[in-house]
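Working notes for the structure below.
The values are calculated or read from the model by the stated rules, or taken from the named source; none is laboratory data. Here the structure is a predicted model, which is why all the values come from computation and not from measurement. Cβ sites come from the backbone with ideal geometry, for glycine too, and all protein chains shown count toward neighbours.
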Amino acid sequence: MRLRSYVFVLALAAGTPAAAQAPTAQPPAQPPVAPVAGQTPAGPPPPAVPASRKFTSDAGMMFSVIRPDKTADFEAVMGRVKEGLAKSDDAKRKQQALSWVLYKGLESGLGGNIVYVWFINPPVKDVEYTVTDILREAFPNEAQDLWAKYQACFVSGQTMLNLQQVLSMSPVVVPK
């Protein structure tokens, strides 16, 4: 119950205008796309790719503000991420799956948008949690389409937090 309350409060904060403008907000990482010969890319350049999606602390969270009409798509792609982690032969990918939980805010935020939170406790330290990497490894023929579907879900980028436990309210001592 305590975790749910904490996640709810943080999710609400992520849906506020101040949080949406926070300097930690980052667009989802772009997969590399090979240009088609003779074609030039249309539209504005893609947003900057964050340097890393590695958690380096005791726990981590990622906030995603999703368009209300795209929640099914977002959950479907995250389901494929789960499948990719499960079918991976990489021990670190399997370890990532053990502590990675996806939460959906039941209350809508500004504009009816929905806040999703990845809660990772404990993270596999210094291992990428980049959705595109996982999809590309598991589903190389589908990765680009899955990425396009995933990216279309976002109202804005993601906010990543590395967390350090400061205090436990539990009367039971919980080992770190």
Counting only residues that are in contact (Cβ under 8 Å) with a residue 40 or more places away in the chain and more than 16 Å from the chain's Cα centre (by Cα), which one in segment 58-92 is farthest from residue 148 (Cα to Cα)? 58
Only one residue in 159, 71, 132 is surrounded by fewer than 20 Cβ atoms within 10 Å (Cβ to Cβ) and among the polar types (S, T, N, Q), so which one is that? 71
Does residue 60 meet the test of being modelled with pLDDT of 95 or more, part of a helix (DSSP H, G or I), among the small types (Gly, Ala, Ser) and closer than 17 Å to residue 124 by Cα? no
Looking at segment 122-165, which of its residues are among the aliphatic types (A, V, I, L, M) and not in a loop (DSSP other than H, G, I, E, B)? 131, 134, 135, 138, 143, 146, 148, 155, 160, 161, 163
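Could you tell me which of the residues 104, 94, 87 is of a type in the set (D, E, K, R), modelled with pLDDT of 95 or more and within 17 Å of residue 154 (Cβ to Cβ)?
Values: 94 fails: within 17 Å of residue 154 (Cβ to Cβ); 87 fails: within 17 Å of residue 154 (Cβ to Cβ).
Going through 104, 94, 87 in turn, just one is of a type in the set (D, E, K, R), modelled with pLDDT of 95 or more and within 17 Å of residue 154 (Cβ to Cβ): 104.
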Is one or more of the residues making up segment 93-103 of a type outside the set (D, E, K, R), part of a helix (DSSP H, G or I), more than 28 Å from residue 164 (Cα to Cα) and free of Cβ contacts under 8 Å to residues at least 60 places away in the same chain? no
